[in-house]
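A short write-up of the structure that comes next.
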Amino acid sequence: MSILKEKYEAVIGLEVHVQLLTNSKIFSSSSAAFGGAPNSKVDPVCLGLPGVLPVLNRQTVNFAMRVGLATNCKIGRHSIFARKNYFYPDLPKGYQISQFEEPVCEHGYLDFEVNGQMKRVGITRIHLEEDAGKSIHAEEFVGSDETLVDVNRCGVPLVEIVSEPDIRLASEAVAYLVELRRIVQYLGLCDGNMEEGSLRCDANISIRPVGGTELGVKTELKNMNSISGVENAINYEIHRQIELLESGGAVTQQTLLWNADKGIARAMRSKEYSHDYRYFPDPDLVPLEISDAWLQEVKSALPELPRARKNRLIAEYKLPQYDAEVLTATRPLADYFEATAGACADAKAASNWIMGEVLRYLKENEITIEAFSVPPGEIAELLNLVGDGTINLKVARIVFGAMLETGKRAAVIVKEKGLVQVSDTAQITAQVRMVLSDHPAEVEKYVAGKEQVVGFLVGQVMRATRGQANPKIVNEVLRTELQALADS
Amino acid sequence: MRGEWSCVDLTETYLSNIDKGAHLNAFVFSMADRARARAAEIDGRIKTGDAGKLAGLTLAVKDNIVIKGERAGCASAILDGYVSPYSATVIEKLEAEDAIIIGRTNMDEFAMGSSNENSCHGPVKNPNDPTSVTGGSSGGSCAAVSAGMALAALGSDTGGSIRQPASFCGVVGLKPTYGRVSRYGLVAFASSFDQIGPITQNVADAALLLEVMCGLDLKDSTSSPESVPDFTNSVGRDIQGLRIGLPSEYFGEGLNNEVRQAIDNTIDILKQRGAAIVEVSLPHTDYAIAAYYVLTTAEASSNLSRYDGARYGFRAADVSDLDEMYINSRNQGFGEEVKRRIMLGTYVLSAGYYDAYYRKAQQVRTLIKRDFAAAFERCDCLLTPTAPTTAFKIGEKIDDPLTMYLSDIYTVSINLAGLPAISVPCGSDENGLPVGAQIVGNYFDEEMLIRLGHQVHCQAGEKSA
């Protein structure tokens with residue numbers, strides 16, 4: 001197979017649906033929030049009752065413009081809404097309001113890193129549309145031939161981001177998707193939760209001989225509701241198409257549904273997708289006109305994007321690439337870091353602490369940084385105690401544990417527990433001498449030239465001082481004393 | 001007058017007229033209890049001086065304008081039993097001024113028709129001759145006003161559905177500029193054409209209702225922020241120096257001689273009153289019917305997709321799967337004309353046909369708008385017959401859709417352009433059936449329709465007197 005993979009290349013384009021975090025729906029007043037009792041977030045308009053009319057929610061346009069600007073698109077000053085007609089029980093009007101000719105954004109691109117290399121993928125278009133409801137084929141509620149419909153999601157605003165077929169590998173698709181997700185999260189317009197469906201990705205895939213210019217017959221992959229699902233499904237489909245061609249077959253144009261449990265994709269029945277959608281301009285909505293002032297307003301309110309922020313962290317805080325990448329994974333995490341670093345004498349120490357202790361704690365407790373109980377200022381205080389020699393890093397971890405447990409501030413805990421670091425040379429020398437007299441064998445080894453025993457002996461001194469001794473001074477005293485013994 | 005009558009008495013009179021006129025089939029149902037309760041409330045407000053400007057006006061409402069808590073059926077079996085949980089904006093506005101809604105009027109199914117024979121409740125009969133049609137699609141509303149079963153009625157006009165039946169029934173019917181009156185709560189037939197308008201016994205009543213109905217509605221994106229004048233001020237204004245355009249295309253082949261005679265007489269009188277007559281041309285008129293049927297059916301095919309048996313209204317029994325439910329529900333629930341138009345509209349929007357039909361028809365629409373713009377550079381308004389004939393016999397054209405479609409030949413262009421127009425009784429044929437004159441105004445110039453319409457109606461009154 002690896003030889004065949006060198007013979008063929010895949011041509012992949014992604015269609016990413018992003019649910020927008022607006023208060024109300026795209027064309028009506030009911031709540032656009034996720035969840036709730038089935039059919040509780042409804043109004044006559046999103047239900048498509050006789051006589052209702054849609055009215056565009058301006059906030060959705062702001063959000064679409066933000067995505068467009070963040071992906072270097074041209075913002076369409078005049079765009080129109082269209083009806084996409086098809087029958088389905090979770091589509092109450094019998095058509096979805098979307099954009100077809102003249103979408104709100106076009107001709108952009110996204111730059112991102114894959115395996116240390118920069119990659120650019122073109123953005124064909126970004127358009128606004130309404131989500132459909134959900135059909136629930138749940139046998140716990142109904143007979144096997146019946147279906148329930150939940151229309152809460154009807155009218156939830158979406159932007160659909162359509163890429164050019166510039167992607168060649170599943171890993172590139174994943175990197176593109178991860179970058180896009182990070183961008184929409186930074187823009188504050190989507191939580192990026194693929195499991196809940198607030199971010200959804202479909203892929204168009206074809207293969208051709210390496211270096212070919214013509215496009216092969218493509219298939220469309222749907223139902224990949226996780227990042228790993230996208231990677232596995234695309235790899236599966238590339239493999240399937242290669243095998244098909246190699247065995248003398250041909251790829252048929254079809255839509256495939258990814259089954260993550262089984263690790264396979266099955267073809268949808270043709271009647272499930274072979275629609276003529278009969279797009280035409282929605283006569284209930286006037287063309288969307290975006291003025292210079294409106295565009296400027298959105299432009300000037302655009303937050304710093306992840307890549308720009310990463311570069312700034314490197315320049316401003318002298319962080320390594322790796323740290324900057326980890327800390328800019330989400331906007332709240334980057335905010336947390338900057339708040340900590342701003343109150344702390346040592347930015348690198350702040351980075352280390354957040355990437356190590358804080359992220360470990362979040363992971364163990366399955367929470368996000370927004371739910372983390374210790375404010376950045378208190379982490380900075382803790383690190384400043386390390387910085388000025390009041391405590392050492394080992395004690396700092398103990399203090400951190402106590403902070404999480406009690407909610408008290410670091411200085412209070414250090415005082416209460418008497419954890420102040422011992423830097424008094426005389427006191428430390430006494431401890432060192434006791435340890436040396438207790439470990440004559442190790443002293444002999446040192447005298448014989450085995451320097452490695454120093455580490456062991458430092459550990460013994462630290463243990464004897466309950467970790468409170470200043471490790472730097474312990475090290476110095478120990479070497480002096482050992483040298484003295486060796487010389488004697 | 002005040003103190004000598006009460007809204008309750010008036011309402012009773014109209015309710016008894018509805019009963020007496022039951023054979024006309026103008027009403028789907030009367031709303032007697034609701035009307036009586038409202039009348040009593042309004043009588044109370046009249047005593048305290050708090051009554052609205054339409055206090056005591058009994059109003060019949062076409063079956064496609066929704067009223068909270070009431071059935072809205074569009075004269076279609078597919079909406080069987082459907083009750084609206086909200087009221088149309090016009091209903092809220094009219095009730096806020098104390099209009100009394102007295103019943104729901106019959107119509108062509110989903111407003112598709114020119115004779116009011118396409119109704120699941122059967123045809124409406126013309127009060128002037130019960131063997132003749134009322135015209136359509138607002139036939140029930142026009143018959144109700146004509147027969148004194150309501151003081152006024154609401155209709156909707158997509159290609160002539162207010163004006164043509166108003167002409168056939170001998171009442172006043174006004175279609176406002178597209179965007180003048182909110183469409184929120186009007187069950188859509190063709191969204192870029194539909195307008196709600198008043199049907200009344202005289203032009204002054206139309207002006208009064210229009211004042212209340214018009215204005216920006218944030219629930220309708222196509223509603224206009226244009227300010228609403230006091231239309232009643234235009235009633236009785238003279239027409240000295242007014243330039244009235246006569247489009248030659250509206251006086252050609254197919255125009256019945258008696259209708260032509262009535263219009264000619266009207267023109268003569270208007271000249272005597274100081275109006276100047278200007279010959280104008282609307283050269284793309286020949287393409288109007290075709291463009292109209294392409295565009296309205298396209299929009300309708302999409303608008304009517306929601307009636308699928310899944311959520312409300314009629315659902316076919318004994319279906320084995322989803323597709324069969326859709327097919328059988330829609331096949332059994334919709335009438336023949338509606339199905340014909342859904343099929344036509346689906347066809348013109350289909351892949352490979354869109355450019356040849358839908359896009360081409362949109363281009364024709366633009367040309368027709370330009371025709372009117374050019375004409376309005378030479379005149380203040382247009383005068384035409386509303387329909388090429390007077391009311392025809394029930395059953396006469398029902399099996400010949402193309403002939404039926406031609407009865408809207410003078411009205412559809414106005415909807416393609418989005419202009420306001422009024423039909424006013426101006427005479428009658430030798431059988432005593434009414435003839436209507438259509439006045440077309442420039443955008444948002446309903447004042448012109450009221451001003452000239454009132455004069456035309458007066459001359460008709462003088463002649464018949």
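The values are calculated or read from the model by the stated rules, or taken from the named source; none is laboratory data. This structure is a prediction, so every number in the text was calculated from the model and none was measured. Don't worry about glycine lacking a Cβ; one is built from the backbone with ideal geometry, like all the others, and counts go over all protein chains shown. Surface accessibility is based on the protein's heavy atoms, side chains included, excluding ligands, DNA and RNA. Shrake-Rupley method; radii C 1.70, N 1.55, O 1.52, S 1.80 Å.
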| message | Which pairs turn up if I take residues in region A:216-227 that are not assigned by TED's automatic domain parsing to the domain that holds residue A:268 and look for partners that are crowded, with 17+ Cβ neighbours inside 10 Å and of a type in the set (Phe, Trp, Tyr) with beta carbon separation below 8 Å, at least 6 apart in sequence or on another chain? | response | none
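Here are some residues: A:205, A:161. Which one is modelled with pLDDT of 95 or more and farther than 30 Å from residue A:62 by Cα? Give the derivation first.
Working: A:161 fails: farther than 30 Å from residue A:62 by Cα.
A:205 is the lone residue from the list that is modelled with pLDDT of 95 or more and farther than 30 Å from residue A:62 by Cα.
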| note | Only unsatisfied item for residue A:284, checking (1) open to solvent by less than 60 Å² (accessible area, probe 1.4 Å); (2) away from chain B (no Cβ under 14 Å); (3) part of a loop (DSSP other than H, G, I, E, B), is (2)
| Selection status of residue B:270, more than 10 Å from every other protein chain (Cβ to nearest Cβ), of a type in the set (A, V, I, L, M), surrounded by 20 or more Cβ atoms within 10 Å (Cβ to Cβ) and part of a loop (DSSP other than H, G, I, E, B) | no
| task | Would you point out which residue out of B:320, B:329 is within 13 Å of chain A (Cβ to nearest Cβ), open to solvent by 60 Å² or more (accessible area, probe 1.4 Å) and within 25 Å of residue A:147 (Cβ to Cβ)? | result | B:320
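Matching residues to (1) in contact with a strand residue (DSSP E or B) (Cβ under 8 Å, 6 or more places away or on another chain); (2) among the aliphatic types (A, V, I, L, M):
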| residue | (1), (2) |
| --- | --- |
| A:428 | yes, yes |
| A:432 | no, yes |
| A:447 | no, yes |
| A:451 | no, no |
| Residues located in region B:176-187, provided they are at the interface with another protein chain (Cβ under 10 Å from one of its Cβ atoms) and of a type in the set (S, T, N, Q) | B:182
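Residues in region A:287-302 that are away from every other protein chain (no Cβ under 11 Å) and either surrounded by 13 or more Cβ atoms within 10 Å (Cβ to Cβ) or of a type in the set (Asp, Glu) (or both): how many?
To start, the set of residues in region A:287-302 that are away from every other protein chain (no Cβ under 11 Å) comprises A:289-302.
This time we only want the ones that are either surrounded by 13 or more Cβ atoms within 10 Å (Cβ to Cβ) or of a type in the set (Asp, Glu) (or both), so: A:289-290, A:292, A:294-295, A:297-298, A:302.
Total meeting the criteria: 8.
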| Filter result for the condition that a residue is more than 14 Å from chain A (Cβ to nearest Cβ) and part of a loop (DSSP other than H, G, I, E, B), over B:166, B:150 | B:150
| Selection count where residues are charged (D, E, K, R), at pLDDT below 95 and closer than 20 Å to residue A:120 by Cβ, scope region A:169-193 | 3
| said: Going residue by residue through region A:247-265, is there one that turns out to be more than 14 Å from chain B (Cβ to nearest Cβ), under 18 Å from residue A:15 (Cα atoms) and assigned to a loop (DSSP other than H, G, I, E, B)? | reply: yes
| request: Quick one: count up the residues across region B:332-352 that are more than 18 Å from residue B:75 (Cβ to Cβ), without any contact (Cβ under 8 Å) to a residue 24 or more places away in the chain and open to solvent by less than 60 Å² (accessible area, probe 1.4 Å). | output: 1
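How many of the residues making up region B:188-207 are polar (S, T, N, Q), within 12 Å of the chain's Cα centre (by Cα) and either within 14 Å of chain A (Cβ to nearest Cβ) or closer than 18 Å to residue A:280 by Cα (or both)? Write out each step before concluding.
Start the filter on region B:188-207 by keeping residues that are polar (S, T, N, Q), which leaves B:191-192, B:195, B:200-202.
Those left that are additionally within 12 Å of the chain's Cα centre (by Cα): B:195, B:200.
In the following step, the residues that additionally are either within 14 Å of chain A (Cβ to nearest Cβ) or closer than 18 Å to residue A:280 by Cα (or both) were identified as B:195.
Qualifying residue count for the region: 1.
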| residue B:173 buried (at least 24 other Cβ atoms within 10 Å of the Cβ), at pLDDT 95 or above and more than 14 Å from every other protein chain (Cβ to nearest Cβ) | yes
| region B:77-123 - residue that is more than 14 Å from chain A (Cβ to nearest Cβ), touching a Lys or Arg at 6+ places or on another chain (Cβ under 6 Å) and part of a loop (DSSP other than H, G, I, E, B) and, of those, most open to solvent (accessible area, probe 1.4 Å) | B:97
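Could you say which residue among A:150, A:131, A:90 is within 30 Å of residue A:23 (Cβ to Cβ), away from every other protein chain (no Cβ under 14 Å) and surrounded by 15 or more Cβ atoms within 10 Å (Cβ to Cβ)?
Values: A:150 fails: away from every other protein chain (no Cβ under 14 Å); A:90 fails: away from every other protein chain (no Cβ under 14 Å).
Exactly one of A:150, A:131, A:90 is within 30 Å of residue A:23 (Cβ to Cβ), away from every other protein chain (no Cβ under 14 Å) and surrounded by 15 or more Cβ atoms within 10 Å (Cβ to Cβ), namely A:131.
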| Meets criteria (of a type in the set (D, E, K, R) and more than 9 Å from chain A (Cβ to nearest Cβ)) for residue B:315 | yes
| query | Which of the residues belonging to region A:39-58 are of a type outside the set (Gly, Ala, Ser) and more than 8 Å from chain B (Cβ to nearest Cβ)? | reply | A:39, A:41, A:42, A:43, A:45, A:46, A:57, A:58
| said: Suppose the filter is away from chain A (no Cβ under 14 Å) and either closer than 22 Å to residue B:445 by Cβ or open to solvent by 10 Å² or more (accessible area, probe 1.4 Å) (or both); does residue B:282 pass it? | reply: yes
| Tally time: how many residues in region A:213-246 are closer than 23 Å to residue A:114 by Cα and assigned to a loop (DSSP other than H, G, I, E, B)? | 3
| Does residue B:276 satisfy the condition of being under 30 Å from residue A:93 (Cβ atoms), touching a residue at least 24 places away in the same chain (Cβ under 8 Å) and aliphatic (A, V, I, L, M)? | no
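Here are A:464, A:486, A:469: which of them is free of Cβ contacts under 8 Å to residues at least 40 places away in the same chain and open to solvent by less than 80 Å² (accessible area, probe 1.4 Å)? It would help to see each step written out before you state the result.
Working: A:486 fails: free of Cβ contacts under 8 Å to residues at least 40 places away in the same chain; A:469 fails: free of Cβ contacts under 8 Å to residues at least 40 places away in the same chain.
Of the residues listed, the single one that is free of Cβ contacts under 8 Å to residues at least 40 places away in the same chain and open to solvent by less than 80 Å² (accessible area, probe 1.4 Å) is A:464.
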| said: Looking at (1) within 14 Å of chain B (Cβ to nearest Cβ); (2) of a type outside the set (D, E, K, R); (3) open to solvent by 40 Å² or more (accessible area, probe 1.4 Å); (4) part of a helix (DSSP H, G or I), which one does residue A:61 not meet, given that it meets all the others? | reply: (3)
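Among the residues of region B:298-312, how many are small (Gly, Ala, Ser), at the interface with chain A (Cβ under 9 Å from one of its Cβ atoms) and under 30 Å from the mean Cα position of the chain (by Cα)?
Of the residues in region B:298-312, the ones small (Gly, Ala, Ser) are B:298, B:300-302, B:305, B:309-310.
Right, trim to at the interface with chain A (Cβ under 9 Å from one of its Cβ atoms) and you get B:298, B:301-302, B:305, B:310.
Within this subset, residues satisfying the condition of being under 30 Å from the mean Cα position of the chain (by Cα) are B:298, B:301-302, B:305.
The number of residues fulfilling the criteria is 4.
In region A:394-425, how many are open to solvent by 70 Å² or more (accessible area, probe 1.4 Å) and either part of a helix (DSSP H, G or I) or free of Cβ contacts under 8 Å to residues at least 24 places away in the same chain (or both)? Show your work before the answer.
Going through region A:394-425, the residues open to solvent by 70 Å² or more (accessible area, probe 1.4 Å) turn out to be A:394, A:397-398, A:405-406, A:408-409, A:415-417, A:420, A:424-425.
In the following step, the residues that additionally are either part of a helix (DSSP H, G or I) or free of Cβ contacts under 8 Å to residues at least 24 places away in the same chain (or both) were identified as A:394, A:397-398, A:405-406, A:408, A:415-417, A:424-425.
So the count comes out to 11.
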